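Reviewing the structure listed below.
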């Protein structure tokens with residue numbers, strides 16, 4: 001988007017420049033602040049080279065992550081050489097580093113100033129493009145919604161809020177919600193009934209999906225990830241359970257109606273290849289990413305998601321699954337570790353304002369009961385899920401325990417906890433050969449009745 005600059009006084013320029021220098025200097029003094037930073041090179045004013053310096057620091061943080069100090073000046077000079085001279089050289093970086101007190105503690109405040117100025121520049125640029133007819137109102141609106149989400153992440157709360165100050169913003173929020181098609185204000189689920197019940201997966205929500213092994217957790221996740229990316233938003237899958245190709249095959253099977261067994265064996269019919277190609281085209285058009293690092297740490301997830309959200313503000317995080325996560329910290333027990341991890345997942349959702357959907361394995365104790373539908377007590381070994389999660393959904397298939405069940409082919413989404421949405425059970429069709437979760441239509445119900453199955 002074209003960048004424009006608002007009319008500023010010299011005092012405004014000095015204030016903004018100082019804020020940018022403080023952001024850069026704070027990061028150089030404390031490298032962990034790069035993980036907390038929601039800025040991009042474009043966030044910095046085009047009047048100076050601070051954006052280019054930020055780009056160097058961001059690259060150095062990633063490139064030299066194994067070093068005690070990724071911003072060690074000789075290291076930067078050795079890697080970039082004369083290229084650094086274009087942005088002031090080592091002397092400029094040294095000047096920035098020395099200009100920030102080690103006890104500053106104002107990083108979030110200065111980040112907000114830089115971010116707010118960026119949003120203002122973009123809004124002015126958008127207005128100019130609309131006025132000249134070079135951008136449609138719809139395109140600009142989509143961009144401004146992204147900027148609004150970024151701006152909300154750096155908002156500084158100065159003490160308690162007076163509800164009267166929130167009323168105007170709340171009214172605008174309701175009007176904005178009313179403009180969404182079908183009343184879905186969050187990210188779409190693969191279940192239309194769940195969308196109606198919850199209005200979609202909402203920003204800031206931590207959602208846990210539990211089930212016994214092989215019930216269909218991973219299949220549910222890829223169906224959800226595909227559905228939520230329909231409106232152009234990003235789905236990011238962290239899969240410690242399965243490799244990227246296996247997850248992709250599940251999605252192709254679901255989207256294209258290609259049997260997983262045919263892909264696994266390579267024995268694909270001409271019809272299979274046609275459906276495969278159509279599915280590949282559809283998936284390729286969407287913003288779906290996967291990190292299949294084995295046993296990822298929660299700290300690695302924090303770092304990766306922070307970077308992803310800067311590039312893709314409208315994002316949903318999917319994790320497969322909780323018991324495969326680890327931490328770089330030491331704990332006295334696995335329970336304490338999972339308590340820490342579940343809390344951190346909730347903080348990712350709230351801090352970055354994205355939906356976080358995490359799978360969890362349900363313990364064997366459920367198999368010993370006559371009623372084998374999972375309950376909240378079945379995930380108590382998973383840290384503080386009961387209290388941390390906003391929504392807890394259990395997947396249950398009767399044919400998992402009884403192959404001749406009249407309910408074979410059906411899967412229940414048992415919403416055992418639903419902060420703001422309530423509880424209940426949603427039934428879908430699970431077409432296992434294709435790993436597809438399908439909404440039940442009247443035609444499906446009629447065909448099941450004809451086969452003597454429950455509908």
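The values are calculated or read from the model by the stated rules, or taken from the named source; none is laboratory data. Keep in mind that this is a model prediction, so the values were computed, not measured. Positions of Cβ are generated from backbone atoms using ideal geometry, with glycine treated the same way; all protein chains shown enter the neighbour counts.
Here is a yes/no grid of residues against (1) without any contact (Cβ under 8 Å) to a residue 40 or more places away in the chain; (2) more than 19 Å from residue 122 (Cβ to Cβ):
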site: 22; (1), (2): no, yes
site: 26; (1), (2): no, yes
site: 33; (1), (2): no, yes
site: 44; (1), (2): no, no
site: 48; (1), (2): yes, no
site: 53; (1), (2): no, yes
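Residues that are touching a helix residue (DSSP H, G or I) at 6+ places or on another chain (Cβ under 9 Å) and within 24 Å of residue 216 (Cα to Cα) within region 299-328 comprise 301, 315, 316, 317, 318, 319, 320, 321, 322, 323, 325, 326, listed in sequence order.
Note on region 77-104: residues that are exposed (fewer than 11 other Cβ atoms within 10 Å of the Cβ), without any contact (Cβ under 8 Å) to a residue 24 or more places away in the chain and closer than 11 Å to residue 29 by Cα total 1. Run down 310, 264, 287 and say which single residue is assigned by TED's automatic domain parsing to the domain that holds residue 209, modelled with pLDDT of 90 or more and under 15 Å from the mean Cα position of the chain (by Cα). Result: 287 is the single residue among 310, 264, 287 that is assigned by TED's automatic domain parsing to the domain that holds residue 209, modelled with pLDDT of 90 or more and under 15 Å from the mean Cα position of the chain (by Cα). Residues in region 313-341 that are assigned to a helix (DSSP H, G or I) and either within 24 Å of residue 233 (Cβ to Cβ) or out of contact with any strand residue (DSSP E or B) (no Cβ under 7 Å at 6 or more places or on another chain) (or both): 322, 324, 334, 335, 336, 337, 338, 339, 340, 341.
Which members of region 259-307 meet the condition of being part of a loop (DSSP other than H, G, I, E, B) and closer than 21 Å to residue 347 by Cβ? Once the filter is applied, which keeps residues that are part of a loop (DSSP other than H, G, I, E, B) and closer than 21 Å to residue 347 by Cβ, region 259-307 yields 293, 295, 296.
Restricting attention to region 233-258, the residues that are part of a loop (DSSP other than H, G, I, E, B), farther than 15 Å from residue 437 by Cα and modelled with pLDDT of 90 or more total 1.
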